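The values are calculated or read from the model by the stated rules, or taken from the named source; none is laboratory data. Being a predicted model, the structure only gives us computed values, none of them experimental. Using ideal geometry, Cβ is built from the backbone for each residue, glycine included, and neighbour counts are taken over all protein chains shown. Note: accessible area is taken over every heavy atom of the protein model, side chains too, but ligands, DNA and RNA are not part of it. Shrake-Rupley method; radii C 1.70, N 1.55, O 1.52, S 1.80 Å.
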Amino acid sequence: MLLSAATPVLLSVPVRQGIPSPDWSGFSLGPLTVHAYALCILAGIAAALWLTLRRWRALGLDPEIVWDVVMWAVPAGIVGARAYHVLITDPAGYFGPGADPVDALRIWEGGLGIMGAVAFGAAAAWWVCRRHGVSLAVFADAAAPGLLLAQAIGRWGNWFNQELFGRPTTLPWGLEIDPASANFPAGLPADTLFHPTFLYESLWNVAGVVLLLALDRRFRLDGGRLFALYLVHYGLGRMLIELFLRIDPSLMVLGLRVHVWTSLGVLLLGLALFAVVTVRRRRARDGAAQAARTWYRGSAP
């Protein structure tokens, strides 16, 4: 049917829609509040434990050692993660003018730094492995894919808290943030969409899990080399996200977010560790081959 000149034409302005943010961040059980952020962290820990136990059993090692490590490394990792966030990421938010240092204890409100978690957790794991007479490198290689899996799941806690998103974007997968949220940047229109950095990092980490498992199956990486590749993969992805996308408050060092430098340090540490272990393995193999040739010549009639 044709429209006549007298027919009213209603024009509507499309509303920008992207990935919605949850309108809740937890639920109550009597006097106890269960935060979605904490559930994501716990789910990540459970997934990492499951994958690490599978890999540990495949090596023919006692699974009780893994449980012992978990008992010490998880609490140490949480303390380290919070310490990294409070002392490195945003010290002014907790100790600056008008800040309340007690907020540093409100871990349920978000704010964990994975680099602190890995550092403190690794120290605890080293102590437990030493008690059991197990090489830390063996445990680190077994746990590396699980660490990335835990980080992939834990990142979704930022989605529930509507935090740590990226720059404004017009992409169809932009993230909606409640304009009433304290994290919504001032001065931007209420319908502004943001890069879902939690999703980017989660997908990057899942890809890393697949990559590490495939490389280990193909090349049997040991001596800490698989853990080294974990550091390289995570450090690279985190550095790029911090450098080009993240806009949340952070300590600045030489004009860049402090996480850019720490991520670069993690990446370089991983490369150095992989190179050192690989060279040592090659020298040991060449030395064994030379010794075998010498023995053969000496024993030949």
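Here are the numbers for the structure shown:
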| quantity | calculated |
| --- | --- |
| Residues satisfying the stated conditions in region 55-74, i.e. touching a Gly at 6+ places or on another chain (Cβ under 9 Å) and not β-branched (Val, Ile, Thr) | Arg55, Trp72, Ala73 |
| Any helices (runs of 4 or more DSSP H) falling wholly within region 142-246 and containing at least 3 residues that are surrounded by fewer than 22 Cβ atoms within 10 Å (Cβ to Cβ) and outside the structural domain of Ile114 (by the TED database) | 197-219, 225-244 |
| Hits in region 36-65 - residues which are open to solvent by less than 40 Å² (accessible area, probe 1.4 Å) and without any contact (Cβ under 8 Å) to a residue 40 or more places away in the chain | Leu53, Pro63 |
| Identity of the residue in region 4-27, modelled with pLDDT of 85 or more and more than 14 Å from Asn161 (Cβ to Cβ), that ends up most open to solvent (accessible area, probe 1.4 Å) | Phe27 |
| Where Trp261 falls short, out of the listed (1) in a helix (DSSP H, G or I); (2) touching a residue at least 12 places away in the same chain (Cβ under 8 Å) | (2) |
| Qualifying residue in region 283-296 (condition: modelled with pLDDT of 95 or more, part of a helix (DSSP H, G or I) and out of contact with any Cys (no Cβ under 9 Å at 6 or more places or on another chain)) | no |
| Among the residues listed as Ile107, Ile65, Ile78, the single one being modelled with pLDDT of 95 or more and not charged (D, E, K, R) | Ile65 |
